[in-house]
Amino acid sequence: MDSEVRDYIDSVYDTVVRRNPNEAEFHQAVQEFFESMEPVIAKHPEYRKHAILERLVEPERLISFRVPWVDDQGQVQVNRGFRVQFNSTLGPYKGGIRFHPTVSASIIKFLGFEQIFKNALTGQPIGGGKGGSDFDPKGKSDMEIMRFTQSFMTELHKYLGPDTDVPAGDIGVGAREIGYMFGQYKRIRGGNEPGVLTGKGVGYGGSLGRTEATGYGCIYFVQEMLASRGLDLSGRRIVVSGSGNVSIFAIQKAQELGGIVVACSDSAGYIYDPQGIQLDTVKQIKLVDGGRISDYIDYHPGAVYRTGSTEIWTVPCEIALPCATQNELDEAAAQLLVANGLLAVGEGANMPCTLDAVHLLLSAGVLFGPAKAANAGGVAVSALEMAQNSMRLSWSFEEVDNKLKDIMANIYRSSLEAAEEYGFQGNLVAGSNIAGFKKVANAMIAQGVV
């Protein structure tokens, strides 16, 4: 490859590290992306001339703010809120809001950077953004969550709008939190702009199929990968980390298509059920009772519960779906999965595999669906929700699900074609990076230096 181009890319990365010290997650996301860029920059010198890489790694704006709120004991608490509006070249900023104690500027920037290319891959007119807070909703009452989200939106509303920035949910933010934020937005702004948030309840502007979209979309993407080798999900042993919405609906769709899901987890540990996970029980525990996944063995004593959520990757499987959080699957886990007969990985969470794990899995010939492609279903249907809000229409579940299938198939094809064009045959990590990048880069050049 061109050493001058490699030196140029390395110099841009070095600037990212220097300008953003102590932001390991953001550095990792940029490094992973830049690994695919050398043949693209070599073939298209106009991208270097227009400083596309330099502009892409710098957010259009990063907003950080104080979020004071009062708990049920009358004590004032203070958290920190963030919103990164990373790139609006293709449309209004679009990306979820995460409430989790690990949230930091680095986490939000890594997620927002990934969102640029993920959103581009969907083919929808949306740019990249992300937001959140280090607030922990676990153990909080509904009233505490309402007071926090209202305070959060009191500041955040200044930067939002249906044609400006449209957040959705993420870890720790579901329909309840979105509802409280939407109510506060309307209270402050007046009027009714349903397109300002997605993931809303179906009764007030939400879309059928949005809750299921990320999990379903991940399975649709894995289907496409398996079909390339003449395989399908039927009878395959599957391990799914996590037990939130993404995991639950990935399990549901996998089981509908004949897969045998034998393990899932939460932050404390995992369950292994050799007969296959009973999804109704998981839904009852996690979506209704708000319990821990360890409660599963109370219903199904033949199952096994073990502490240590990342130990789930010791369970032999043919398909692994990391759907919990970033960097949950490392190189050692990848080695064990390969030794146990792994065929495919679909990243349901954002950057759940470390760089070393990704490299090992690709070198072992494992079919690998990277997050920016495999988990794009959620934001794709969020964009469909925006479209329905704009038209004051509501589509059926079947209409939304069919559109989702088409979008995921198109993402797979465009990623595969880009990989082949630039010498990364079969490498969907590189292919998705390149396909998303070229769409954004070409639009950035067309719009001038802004």
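Only the coordinates and a few stated rules stand behind these numbers; no lab work does. What you see is a predicted model; the values in this text were computed from it and never measured. Here the Cβ is made from the backbone with ideal geometry for all residues, glycine too, and neighbour counts use every protein chain on show.
Listed values, structure above:
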{"quantity": "Peptides ranked, highest mean first, by Cβ atoms within 10 Å: ranges 68-75, 237-244", "calculated": "237-244, 68-75"}
{"quantity": "Selected from GLY230, GLY161, GLY423 as most flexible by GNM, with the chain as the system and alpha-carbon contacts under 10 Å", "calculated": "GLY230"}
{"quantity": "Max mean-square fluctuation residue, GNM over the chain, Cα-Cα springs under 10 Å, options ASP289, ASP406, ASP136", "calculated": "ASP289"}
{"quantity": "The chain: calculated mean residue ellipticity at 222 nm from DSSP helix runs of at least 4, using -39500 (n - 2.57)", "calculated": "-14500 deg cm²/dmol"}
{"quantity": "GNM flexibility winner over the chain from ILE188, ILE293, ILE312 (Cα, springs under 10 Å)", "calculated": "ILE188"}
{"quantity": "Using a Förster distance of 30 Å, the FRET efficiency for GLN73-ARG176 (Cβ separation, nearest 0.05)", "calculated": "0.90"}
{"quantity": "Cα-centre dipole for region 3-56 with unit charges at Cβ (Lys and Arg positive, Asp and Glu negative), debye to 20", "calculated": "240 debye"}
{"quantity": "Karplus-derived HN-Hα couplings along region 66-76 (A = 6.51, B = -1.76, C = 1.60, θ = phi - 60°), whole Hz, x at Gly and Pro", "calculated": "7, 10, x, 7, 10, 7, 5, 8, x, 8, 6"}
{"quantity": "Estimated inter-spin distance, VAL338 and ASN192, nm [label 7 Å along Cα→Cβ]", "calculated": "5.6 nm"}
{"quantity": "Centre separation in Å (Cα based) which lies between region 64-107 and region 420-449", "calculated": "30 Å"}
{"quantity": "The chain - percent relative contact order, Cα under 8 Å, separation 6 or more", "calculated": "15 percent"}
{"quantity": "Computed over region 283-422: relative contact order in percent, which uses C-alpha pairs under 8 Å that are six or more apart", "calculated": "16 percent"}
{"quantity": "The chain - share of DSSP beta bridges that are antiparallel (%, nearest 5)", "calculated": "50 percent"}
{"quantity": "Normalised contact order of region 61-192, rounded percent, pairs of Cα under 8 Å and 6 or more residues apart", "calculated": "29 percent"}
{"quantity": "Environment charge at PRO45 (Cβ cut-off 13 Å; Lys +1, Arg +1, Asp -1, Glu -1)", "calculated": "-1"}
{"quantity": "By average C-beta atoms within 10 angstrom, highest first, the peptides 95-106, 426-437", "calculated": "426-437, 95-106"}
{"quantity": "Chain lengthening between GLU54 and LYS140 when straightened (0.36 nm per residue, less Cα-Cα)", "calculated": "26.8 nm"}
{"quantity": "Simple Cβ-charge dipole of region 225-273, Lys/Arg +1 and Asp/Glu -1, about Cα centre, in debye nearest 20", "calculated": "180 debye"}
{"quantity": "Packing-based order for 261-272, 201-212, using average beta carbon neighbours within 10 Å, highest first", "calculated": "261-272, 201-212"}
{"quantity": "Histogram of C-alpha separations across region 61-192, 10 Å bin width, %", "calculated": "13, 46, 32, 8, 1"}
{"quantity": "Shape box of region 211-374 [Cα atoms, principal axes, largest first, Å]", "calculated": "41, 29, 26"}
{"quantity": "Region 61-192: antiparallel DSSP beta bridges as a percent of all, rounded to 5", "calculated": "65 percent"}
{"quantity": "Partners for LYS49 among lysines (Cα-Cα distance below 27 Å; same-chain residues under 8 apart left out)", "calculated": "LYS109, LYS118, LYS372, LYS438, LYS439"}
{"quantity": "C-alpha center-to-center spacing [region 289-305, region 140-187] in angstrom", "calculated": "32 Å"}
{"quantity": "Dipole of the chain, positive end: most advanced residue of MET391, VAL366, ALA120 [Cβ charges, Cα centre]", "calculated": "MET391"}
{"quantity": "Hz values of 3J(HN,Hα) by residue in region 334-346 - Karplus curve (6.51, -1.76, 1.60), Gly and Pro given as x", "calculated": "4, 4, 5, 4, 4, 4, 8, x, 5, 9, 8, 10, x"}
{"quantity": "Separation between Cα centres of region 188-260 and region 314-331, rounded to whole Å", "calculated": "17 Å"}
